[in-house]
Amino acid sequence: MDKKPYDPSEIEEKLYQEWESSGLFEPGEDSDSYSLAIPPPNVTGTLHMGHGFQNAIMDCLIRYHRMSGKNTLWQVGTDHAGIATEMVVERRLNAEGKSKESIGREAFEKEVWDWKKYSGNKITSQLRRLGSSLDWSSERFTLDDEYQHAVQSAFIQLFEDGLIYQGKRLVNWDPVLETSLSDLEVVNKDLTIKIWEIKYQLEDSDQFVTVATTRPETLLGDMALAVNPGDERFSHLIGKNAEIPLCNRLIPIVADDYVDPEFGTGVVKITPGHDFNDYELGKRHGLHLVDETQCGIGTEKEFDPISILSKAVKIIGIAPEKFHGMDRFDARAELLNDLKENDCLIKESEYESTLPYGDRSDQILEPLLTDQWYVDAKTLAKPAIEAVKTKEITFVPANWEKTYFQWMDNIQDWCVSRQLWWGHRIPIWYDENGQAFAGHSEDDVRAKNTLTGPLTQEEDVLDTWFSSSLWTFATLGWPEKNSKLELFHPTTALVTGFDIIFFWVARMIMMTKYFMKEVPFKEVYITGLIKDENGQKMSKSKGNILDPIDLIDGVSLEELLEKRTEGMMQPQLKEKIIKQTKKQFPDGIDSYGTDALRYTYYSLASPGRDINFDIGRIKGYRNFCNKIWNAFRFIEMQAVNHEYQPTTPKADDFSDWMSQKINQTSINCKTHIRNISL
RNA sequence: AGACCCGUAGCUCAGUUUUGGUUAGAGCGCCGCAUUGACAUUGCGGAGGUCGAUGGUUCGAGUCCAUUCGGGUCUACCA
């Protein structure tokens with residue numbers, strides 16, 4: 001017998017391989033089933049503490065039920081993560097002096113697939129290292145042929161049922177990635193920004209009105225001014241025209257309740273092509289261009305917003321020639337200058353407001369008028385709301401239901417098209433007249449609609465979350481009917497973070513209710529966020545990221561520093577991060593083993609609460625593992641030394657007490673696991 | 001503007017609903033002692049808490065109610 005203390009790395013990996021190769025994690029045929037679907041991690045990503053935490057919980061649940069005799073399936077798979085992955089590959093191309101446009105769509109897709117192959121195994125090997133007893137025999141990827149077929153089928157059915165439509169509307173536009181984003185991908189940041197007051201001359205008069213704006217360049221696309229109907233200061237102006245400075249265009253002054261007389265100057269410029277509220281107001285008043293020099297009001301049908309920005313957010317269209325081709329912010333500076341020279345700029349001041357940023361690109365977004373595909377979320381939401389109201393699905397902890405309802409009750413149609421190349425290409429073909437037909441392939445579309453003319457396929461791809469909203473049933477082979485789907489759907493529980501309740505959980509419920517007529521899962525366990533020991537969110541820019549694998553296998557200081565500083569968006573933070581890391585982990589991080597890590601997660605887990613991960617805790621649990629290890633070593637040694645032979649159990653006080661304790665412990669475990677209080 | 005969460009020992013956290021009930025627990029850290037044959041990733045002992053504050057309900061409140069302070073999150077936002 002060796003004299004060494006507990007050394008987890010030696011035994012854990014070997015044991016996992018034995019488990020996996022023996023088929024222990026694979027499901028059987030028994031109808032008494034229990035199933036979980038893993039929230040699919042980004043295929044090119046790496047595991048973070050949150051993954052570690054959630055997988056530890058899921059593994060506990062699945063192992064408990066497996067050992068209780070249930071037929072278990074823990075579905076594993078990865079997500080293609082459209083924008084995130086496309087960005088990474090694009091950056092790599094740029095580093096080589098290439099761009100995605102220069103190599104073309106097909107070559108680019110191949111690049112991404114290569115990248116996926118290169119980095120895709122990393123995440124799965126990390127999941128194995130965490131000891132997660134996933135069924136690897138049924139691993140799925142959201143861009144597998146079978147999964148693609150499911151996504152297409154879902155899209156086609158929604159299209160044919162009239163729940164997906166194409167529309168020209170304002171979307172949140174990311175000017176760097178040059179794609180639309182859904183409302184959820186917008187991050188509103190609180191900032192101190194500038195606000196300017198600008199003079200608009202009244203028609204046939206030497207009088208003017210003053211308008212406040214934070215985006216003066218949108219003036220080039222103004223279609224009206226608006227005042228509150230009850231505001232006596234301006235009631236005489238309603239119905240009159242004003243001239244946009246520098247633009248030689250007259251715009252009507254309209255009355256609308258949207259205008260708050262208390263705010264700014266009480267007069268608002270209306271730019272329906274570049275602001276969501278203005279768009280709605282413009283629609284109400286039927287704003288449209290009568291000719292180049294005059295905007296008019298009319299019916300809602302006549303509403304025709306104008307856009308003065310291209311997809312690269314450069315000035316175009318009806319704006320004066322001199323601004324054409326200028327970036328939005330350059331145009332702003334230039335325009336302010338011109339306004340000043342023409343005595344049209346009255347005031348510049350600062351005020352607290354918010355600006356929309358892209359969650360991936362971290363750039364200021366621009367509302368832009370484009371053709372996009374939308375899912376009728378309001379219709380799909382109804383059964384999804386019902387499912388939670390009737391307790392077909394329960395949230396743990398229950399207070400998340402409130403958050404869920406709050407969002408679902410006010411849900412907006414979901415923009416699902418993205419102007420990217422990496423993803424599920426929208427299964428739509430257009431005929432010569434631009435009419436859209438849905439189908440699995442060009443042949444399919446032709447056959448179904450008896451079309452003979454030329455067809456062109458839609459260029460856009462689908463929002464990644466569209467495909468992941470089908471996750472629980474698409475992984476089981478839907479739309480083909482099969483025994484697996486029968487056996488394991490709905491899944492029993494979902495374990496995930498609150499940050500994707502809207503992105504994923506809500507949409508899964510909507511889609512699954514629609515296609516399967518049942519819920520995707522019966523219980524949603526919402527975990528808290530793993531933060532650092534000071535309660536700070538773990539993030540690359542703060543340099544406080546911990547890799548669960550490093551806690552398991554240990555890491556040297558050099559490696560840790562390398563990891564925390566590579567590929568940084570803000571290199572100026574590098575020194576600070578190095579200093580702080582050196583201080584916290586002067587000798588790197590010890591190897592603690594998977595069991596100690598998971599035990600730490602369990603001990604810190606409390607439904608719905610964020611976790612401040614304290615490195616001290618894991619040390620304690622490693623020592624606890626060591627204790628158990630040595631206790632067994634001791635027993636083994638004594639058994640050998642004393643040539644112990646098992647005999648029939650004798651009734652005595654001590655063993656009665658022991659078995660009673662063991663029984664009670666087992667009952668406690670059952671209760672706690674049922675309540676997911678680990 | 002609305003909704004939600006947190007505040008308990010020096011630090012990180014249990015305990016708070018279902019069920020209010022004697023001296024409020026754990027790990028780490030700290031102090032003291034012990035110990036080289038399962039284990040120093042050790043053993044034994046100890047100090048340390050106005051349970052954020054105020055008021056209320058109650059025989060009894062960390063736990064229930066109201067108010068309030070501090071920290072955080074989400075959703076929606078007016079030029």
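With 21 Å as the limit, the listed pairs A:194/A:542; A:240/A:269; A:537/A:583 have A:194/A:542 beyond it between alpha carbons.
Measuring r between the beta carbons of residue A:430 and residue A:107 and using R0 = 35 Å, the FRET efficiency lands at 0.90. Solvent exposure of the range A:1-97 amounts to 45 Å² per residue of accessible area, where only protein heavy atoms count and the probe is 1.4 Å. When we measure straight from the Cα of residue A:481, which lysines land under 25 angstrom away, once same-chain ones fewer than 8 places off are left out? Within the straight-line cut-off, residue A:481 pairs with A:70, A:448, A:513, A:517, A:522. Where does the charge balance sit around residue A:412 when Lys and Arg score +1, Asp and Glu -1, over other residues with C-beta under 15 Å from its C-beta? Taking every other residue near residue A:412 into account, the sum is -3. For residue A:100, the lysines whose Cα falls under 18 Å of its own Cα, not counting residues fewer than eight places away in the same chain, are A:110, A:116, A:311. A DSSP coil position with no more than 13 other Cβ atoms inside 10 Å describes the following GluC sites (Glu not before Pro) in the range A:9-81: A:29.
Loop-located GluC sites (Glu not before Pro) in the range A:271-350 (DSSP state not H, G, I, E or B) with no more than 11 neighbouring Cβ atoms inside 10 Å: A:292.
Given the Cα-Cα distance of residue A:168 and residue A:362 and 0.36 nm per residue of separation, how much length would full extension add, in nm?
Working: separation 194, 0.36 × 194 = 69.84 nm, distance 2.52 nm.
Full-extension gain reported as 67.3 nm.
Counted without the sites themselves, the longest stretch of chain A free of chymotrypsin sites (Phe, Trp or Tyr not before Pro) in a DSSP loop having at most 15 other beta carbon atoms within 10 Å is A:264-643. Working note: Debye formula, equal point scatterers on the alpha-carbon atoms of chain A, no solvent; log10 I(q)/I(0) at q = 0.06 Å⁻¹ is -0.45. Would you mind checking A:122/A:531; A:98/A:563; A:531/A:619 for any pair whose Cα atoms are more than 20 angstrom apart? Violating the 20 Å limit, Cα to Cα: A:122/A:531; A:98/A:563.
Write down the percent of antiparallel bridges among all DSSP beta bridges whose residues are both part of chain A, to the nearest 5. Given both bridge residues lie in chain A, the antiparallel proportion sits at roughly 70 percent.
Once the Cβ-Cβ distance of residue A:30 and residue A:391 is raised to the sixth power relative to R0 = 25 Å, the FRET efficiency obtained is 0.40.
When the helices of chain A are scored as -39500 (n - 2.57) per DSSP H run of n ≥ 4 and the total is divided over every residue, the value at 222 nm lands at -12000 deg cm²/dmol. Counting only DSSP beta bridges with both residues in the range A:181-366, the antiparallel share comes to about 90 percent. Subtracting the Cα-Cα distance of residue A:376 and residue A:523 from their residue separation scaled by 0.36 nm leaves 50.4 nm. A simple spin-label model places pseudo-atoms 7 Å from Cα toward Cβ; at residue A:91 and residue A:46 they are separated by 1.3 nm. Within straight-line reach of residue A:314, meaning a Cα separation under 14 Å, sit the following aspartates and glutamates at least 8 residues removed in sequence or on another chain: A:174, A:178, A:217, A:327, A:330, A:334, A:366. All other residues whose Cβ lies under 15 angstrom from that of residue A:286 are scored, Lys and Arg at +1 and Asp and Glu at -1, for a net of -3. Computed extension length for residue A:191-residue A:291: 32.2 nm, one decimal, from 0.36 nm per residue of separation with the Cα-Cα distance subtracted. Rounded to the nearest 20, the size of the Cβ-charge dipole of the range A:102-161 about its Cα centre is 520 debye, with Lys and Arg at +1 and Asp and Glu at -1.
Rounded to the nearest 0.05, what FRET efficiency do residue A:572 and residue A:536 have when you use their Cβ-Cβ distance and R0 = 25 Å?
Efficiency, rounded to the nearest 0.05: 0.85.
The values are calculated or read from the model by the stated rules, or taken from the named source; none is laboratory data. Everything numeric here is computed off the predicted structure, so don't read it as measured data. As a convention, Cβ positions derive from the backbone with ideal geometry for all residues, glycine included, and neighbour counts pool all protein chains shown. Surface accessibility is based on the protein's heavy atoms, side chains included, excluding ligands, DNA and RNA. Shrake-Rupley method; radii C 1.70, N 1.55, O 1.52, S 1.80 Å.
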